[in-house]
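Novice: Quick one: the structure is below, questions incoming.
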Amino acid sequence: MNFLSSLLYGLLIAFVPLAVLLADNANRNKILFVFGAVIFAVFGLAVGVRIFRASLAVLHERKQQQPTIHPILVDGSNVMHGGGTPSIVVLYGVLIDLTQRGYTSLVCFDANVAYKLFDHYANDTYMAGHLGLRREQVEVVPKGVIADEMLLEVATKHNLLIVTNDRFFDWQSQFPRVADHGFLIKGRWTDGDVIWRFPQDLLLSLAA
(Lines give C-alpha, C1' and ligand atoms only; values in the text may rest on other atoms or scores of the structure.)
Protein backbone atom coordinates (compact mmCIF):
# COMPACT_ATOMS: atom_id res chain seq x y z
CA MET A 1 0.00 0.00 0.00
CA ASN A 2 1.52 3.32 -1.03
CA PHE A 3 1.59 6.53 1.03
CA LEU A 4 -1.52 8.12 -0.50
CA SER A 5 -3.60 4.97 -0.07
CA SER A 6 -2.49 4.63 3.54
CA LEU A 7 -3.29 8.28 4.22
CA LEU A 8 -6.73 8.02 2.65
CA TYR A 9 -7.50 4.85 4.61
CA GLY A 10 -6.44 6.54 7.86
CA LEU A 11 -8.54 9.64 7.18
CA LEU A 12 -11.63 7.58 6.46
CA ILE A 13 -11.20 5.59 9.68
CA ALA A 14 -10.74 8.81 11.67
CA PHE A 15 -13.81 10.55 10.24
CA VAL A 16 -16.44 8.83 12.40
CA PRO A 17 -14.55 9.14 15.74
CA LEU A 18 -13.87 12.78 14.93
CA ALA A 19 -17.55 13.41 14.27
CA VAL A 20 -18.41 11.89 17.66
CA LEU A 21 -15.76 13.89 19.50
CA LEU A 22 -17.04 17.11 17.94
CA ALA A 23 -20.68 16.44 18.83
CA ASP A 24 -20.85 19.40 21.22
CA ASN A 25 -18.49 21.67 19.29
CA ALA A 26 -20.10 24.79 17.79
CA ASN A 27 -17.83 24.55 14.73
CA ARG A 28 -18.49 20.83 14.23
CA ASN A 29 -19.98 21.17 10.74
CA LYS A 30 -17.22 23.46 9.48
CA ILE A 31 -14.49 21.17 10.82
CA LEU A 32 -16.12 18.07 9.33
CA PHE A 33 -16.57 19.89 6.02
CA VAL A 34 -12.87 20.76 5.89
CA PHE A 35 -11.94 17.22 6.94
CA GLY A 36 -14.18 15.80 4.24
CA ALA A 37 -12.64 18.14 1.67
CA VAL A 38 -9.20 16.86 2.66
CA ILE A 39 -10.37 13.27 2.20
CA PHE A 40 -11.78 14.12 -1.22
CA ALA A 41 -8.55 15.89 -2.25
CA VAL A 42 -6.39 12.94 -1.16
CA PHE A 43 -8.72 10.56 -3.00
CA GLY A 44 -8.48 12.66 -6.17
CA LEU A 45 -4.70 12.81 -5.91
CA ALA A 46 -4.46 9.05 -5.41
CA VAL A 47 -6.63 8.42 -8.48
CA GLY A 48 -4.56 10.91 -10.49
CA VAL A 49 -1.32 9.20 -9.51
CA ARG A 50 -2.70 5.79 -10.51
CA ILE A 51 -3.83 7.13 -13.90
CA PHE A 52 -0.44 8.79 -14.43
CA ARG A 53 1.42 5.59 -13.62
CA ALA A 54 -0.84 3.58 -15.90
CA SER A 55 -0.21 6.08 -18.72
CA LEU A 56 3.55 5.82 -18.22
CA ALA A 57 3.32 2.04 -18.35
CA VAL A 58 1.41 2.19 -21.64
CA LEU A 59 3.90 4.65 -23.14
CA HIS A 60 6.81 2.50 -22.00
CA GLU A 61 5.25 -0.60 -23.55
CA ARG A 62 4.66 1.22 -26.83
CA LYS A 63 8.23 2.49 -26.81
CA GLN A 64 9.54 -1.04 -26.27
CA GLN A 65 7.51 -2.22 -29.26
CA GLN A 66 8.85 0.39 -31.67
CA PRO A 67 10.36 -1.19 -34.80
CA THR A 68 14.09 -0.98 -35.39
CA ILE A 69 14.56 1.21 -38.48
CA HIS A 70 17.94 1.43 -40.23
CA PRO A 71 19.91 -0.32 -37.46
CA ILE A 72 23.57 0.53 -37.11
CA LEU A 73 26.06 -0.97 -34.68
CA VAL A 74 28.02 1.33 -32.38
CA ASP A 75 31.23 0.24 -30.71
CA GLY A 76 30.38 2.06 -27.48
CA SER A 77 33.61 1.34 -25.63
CA ASN A 78 35.58 2.75 -28.56
CA VAL A 79 33.36 5.70 -29.45
CA MET A 80 33.27 7.03 -25.87
CA HIS A 81 37.04 7.68 -26.26
CA GLY A 82 36.38 9.95 -29.25
CA GLY A 83 37.39 13.02 -27.27
CA GLY A 84 40.37 11.34 -25.59
CA THR A 85 39.13 10.68 -22.05
CA PRO A 86 36.23 8.21 -21.76
CA SER A 87 33.04 10.27 -21.84
CA ILE A 88 29.39 9.34 -22.03
CA VAL A 89 28.75 12.86 -23.34
CA VAL A 90 30.79 12.11 -26.46
CA LEU A 91 28.97 8.82 -27.01
CA TYR A 92 25.59 10.47 -26.47
CA GLY A 93 26.48 13.17 -29.01
CA VAL A 94 27.37 10.55 -31.61
CA LEU A 95 24.11 8.69 -30.96
CA ILE A 96 22.10 11.89 -31.36
CA ASP A 97 23.80 12.56 -34.70
CA LEU A 98 23.01 9.04 -35.91
CA THR A 99 19.39 9.40 -34.83
CA GLN A 100 19.09 12.67 -36.74
CA ARG A 101 20.39 10.83 -39.82
CA GLY A 102 17.62 8.25 -39.48
CA TYR A 103 19.49 5.41 -37.79
CA THR A 104 18.55 3.25 -34.82
CA SER A 105 21.76 2.70 -32.85
CA LEU A 106 22.57 -0.70 -31.35
CA VAL A 107 25.37 -0.11 -28.86
CA CYS A 108 27.79 -2.78 -27.66
CA PHE A 109 30.07 -2.29 -24.64
CA ASP A 110 32.91 -4.18 -23.01
CA ALA A 111 32.05 -5.57 -19.57
CA ASN A 112 34.17 -2.91 -17.83
CA VAL A 113 32.57 0.13 -19.52
CA ALA A 114 30.89 1.51 -16.41
CA TYR A 115 34.07 1.20 -14.35
CA LYS A 116 35.68 3.62 -16.79
CA LEU A 117 32.70 5.99 -16.78
CA PHE A 118 31.21 5.70 -13.28
CA ASP A 119 33.76 3.67 -11.29
CA HIS A 120 31.31 0.79 -10.76
CA TYR A 121 29.70 -2.05 -12.70
CA ALA A 122 26.55 -1.38 -14.76
CA ASN A 123 24.33 -3.64 -16.82
CA ASP A 124 22.46 -3.09 -20.09
CA THR A 125 19.46 -1.41 -18.46
CA TYR A 126 21.62 1.06 -16.53
CA MET A 127 23.61 2.07 -19.60
CA ALA A 128 20.48 2.33 -21.75
CA GLY A 129 18.92 4.66 -19.21
CA HIS A 130 21.95 6.97 -19.25
CA LEU A 131 21.89 7.09 -23.05
CA GLY A 132 18.14 7.51 -23.49
CA LEU A 133 17.87 4.23 -25.41
CA ARG A 134 15.56 1.24 -25.13
CA ARG A 135 16.95 -1.69 -23.18
CA GLU A 136 17.17 -3.87 -26.29
CA GLN A 137 19.40 -1.28 -28.01
CA VAL A 138 22.26 -1.80 -25.56
CA GLU A 139 24.47 -4.80 -24.85
CA VAL A 140 27.10 -4.91 -22.10
CA VAL A 141 28.90 -8.16 -22.81
CA PRO A 142 29.54 -10.54 -19.89
CA LYS A 143 33.00 -10.67 -18.37
CA GLY A 144 35.24 -12.85 -20.50
CA VAL A 145 33.32 -12.17 -23.72
CA ILE A 146 35.12 -10.13 -26.39
CA ALA A 147 32.88 -7.28 -27.52
CA ASP A 148 34.80 -6.83 -30.79
CA GLU A 149 34.07 -10.38 -31.87
CA MET A 150 30.38 -10.03 -31.03
CA LEU A 151 30.14 -6.77 -32.98
CA LEU A 152 31.77 -8.27 -36.05
CA GLU A 153 29.66 -11.43 -35.91
CA VAL A 154 26.40 -9.46 -35.72
CA ALA A 155 27.50 -6.98 -38.41
CA THR A 156 28.48 -9.79 -40.77
CA LYS A 157 25.36 -11.86 -40.15
CA HIS A 158 22.91 -8.97 -40.55
CA ASN A 159 24.89 -6.85 -43.04
CA LEU A 160 25.21 -3.86 -40.69
CA LEU A 161 27.74 -1.04 -40.48
CA ILE A 162 29.83 -0.44 -37.36
CA VAL A 163 30.56 3.02 -35.95
CA THR A 164 34.08 2.77 -34.54
CA ASN A 165 37.60 4.08 -34.87
CA ASP A 166 39.00 0.60 -34.27
CA ARG A 167 40.46 -1.04 -37.39
CA PHE A 168 40.09 -4.60 -36.05
CA PHE A 169 43.38 -5.72 -37.55
CA ASP A 170 43.41 -8.85 -35.37
CA TRP A 171 40.06 -9.94 -36.78
CA GLN A 172 40.56 -9.45 -40.52
CA SER A 173 41.27 -13.11 -41.26
CA GLN A 174 38.09 -14.21 -39.48
CA PHE A 175 35.99 -11.30 -40.75
CA PRO A 176 37.32 -10.22 -44.19
CA ARG A 177 34.67 -7.53 -44.49
CA VAL A 178 36.71 -5.43 -42.05
CA ALA A 179 38.86 -4.40 -45.03
CA ASP A 180 35.86 -3.19 -47.07
CA HIS A 181 35.51 0.55 -47.43
CA GLY A 182 32.42 1.87 -45.68
CA PHE A 183 31.97 -1.10 -43.35
CA LEU A 184 33.64 0.71 -40.45
CA ILE A 185 32.26 4.24 -40.00
CA LYS A 186 34.94 6.47 -38.50
CA GLY A 187 34.93 9.97 -37.10
CA ARG A 188 36.24 12.29 -34.42
CA TRP A 189 34.76 14.46 -31.70
CA THR A 190 35.73 18.11 -32.10
CA ASP A 191 34.34 21.20 -30.34
CA GLY A 192 31.24 19.39 -29.15
CA ASP A 193 30.36 17.85 -32.49
CA VAL A 194 31.07 14.65 -34.40
CA ILE A 195 32.98 14.95 -37.66
CA TRP A 196 32.56 11.86 -39.83
CA ARG A 197 35.54 10.82 -41.94
CA PHE A 198 33.33 9.69 -44.83
CA PRO A 199 29.82 11.05 -44.16
CA GLN A 200 28.71 9.89 -47.59
CA ASP A 201 28.97 6.29 -46.39
CA LEU A 202 26.12 6.95 -43.97
CA LEU A 203 23.99 8.49 -46.70
CA LEU A 204 24.68 5.66 -49.13
CA SER A 205 23.71 2.99 -46.62
CA LEU A 206 20.35 4.65 -46.01
CA ALA A 207 19.65 4.95 -49.72
CA ALA A 208 20.52 1.28 -50.31
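Novice: Which of the residues that make up the range 142-166 are in contact with a strand residue (DSSP E or B) (Cβ under 7 Å, 6 or more places away or on another chain) and either buried (at least 18 other Cβ atoms within 10 Å of the Cβ) or of a type in the set (D, E, K, R) (or both)?
Specialist: Within the range 142-166, Ala147, Leu151, Ala155, Leu161, Ile162, Val163, Thr164, Asp166 meet the criteria.
Novice: Still on this structure, I have one more. Got at least one residue in the range 32-47 being open to solvent by less than 40 Å² (accessible area, probe 1.4 Å), modelled with pLDDT of 65 or more and either under 30 Å from Asp191 (Cβ atoms) or not in a helix (DSSP H, G or I) (or both)?
Specialist: no
Novice: Looking at Leu151, Leu160, can you tell me which residue is more than 20 Å from Thr190 (Cβ to Cβ) and part of a helix (DSSP H, G or I)?
Specialist: Matching residue, one of Leu151, Leu160: Leu151.
A quick yes/no check of all residues on (1) closer than 17 Å to Gly102 by Cβ; (2) of a type in the set (Val, Ile, Thr); (3) out of contact with any Lys or Arg (no Cβ under 6 Å at 6 or more places or on another chain):
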| residue | (1), (2), (3) |
| --- | --- |
| Val163 | yes, yes, yes |
| Arg167 | no, no, yes |
| Gln174 | no, no, yes |
| Val178 | no, yes, yes |
| His181 | no, no, yes |
| Gly187 | yes, no, no |
| Asp193 | no, no, yes |
| Arg197 | no, no, no |
| Leu203 | yes, no, yes |
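Novice: With respect to the numbered conditions (1) under 24 Å from the mean Cα position of the chain (by Cα); (2) of a type in the set (Asp, Glu); (3) surrounded by 12 or more Cβ atoms within 10 Å (Cβ to Cβ), which one is the sole condition not fulfilled by Asp119?
Specialist: Asp119 satisfies all of (1) under 24 Å from the mean Cα position of the chain (by Cα); (2) of a type in the set (Asp, Glu); (3) surrounded by 12 or more Cβ atoms within 10 Å (Cβ to Cβ) except (3).
Novice: List pairs: first in the range 108-133 and farther than 18 Å from Met150 by Cβ and β-branched (Val, Ile, Thr), second at pLDDT below 95 and assigned to a helix (DSSP H, G or I), Cβ under 9 Å, 6+ apart or cross-chain?
Specialist: Close Cβ pairs (under 9 Å, with a partner that is at pLDDT below 95 and assigned to a helix (DSSP H, G or I)) amount to Thr125/Arg135.
Novice: Let me ask something else about it. For the range 86-115, what are the residues that are open to solvent by 40 Å² or more (accessible area, probe 1.4 Å), more than 21 Å from Trp196 (Cβ to Cβ) and either outside any helix (DSSP H, G or I) or in contact with a helix residue (DSSP H, G or I) (Cβ under 8 Å, 6 or more places away or on another chain) (or both)?
Specialist: Scanning the range 86-115 gives Asp110, Asn112.
Novice: What residue, among those in the range 167-189 that are more than 20 Å from Ser77 (Cβ to Cβ) and assigned to a helix (DSSP H, G or I), is least open to solvent (accessible area, probe 1.4 Å)?
Specialist: Checking each candidate, the answer is Arg177.
Novice: Could you grab the pairs with beta carbons closer than 9 Å, sequence gap of 6+ or different chains, first residue in the range 86-99 and on the phi > 0 side of the Ramachandran plot, second one at pLDDT below 95?
Specialist: Cβ pairs passing all conditions: none.
The values are calculated or read from the model by the stated rules, or taken from the named source; none is laboratory data. All values reported here derive from a predicted model rather than from experimental measurement. Because the Cβ atoms are built from the backbone with ideal geometry, glycine has one as well, and the counts that use them run over all protein chains shown. When the accessible area is computed, the model is the full protein with side chains, heavy atoms only, and any ligands, DNA or RNA have been set aside. Shrake-Rupley method; radii C 1.70, N 1.55, O 1.52, S 1.80 Å.
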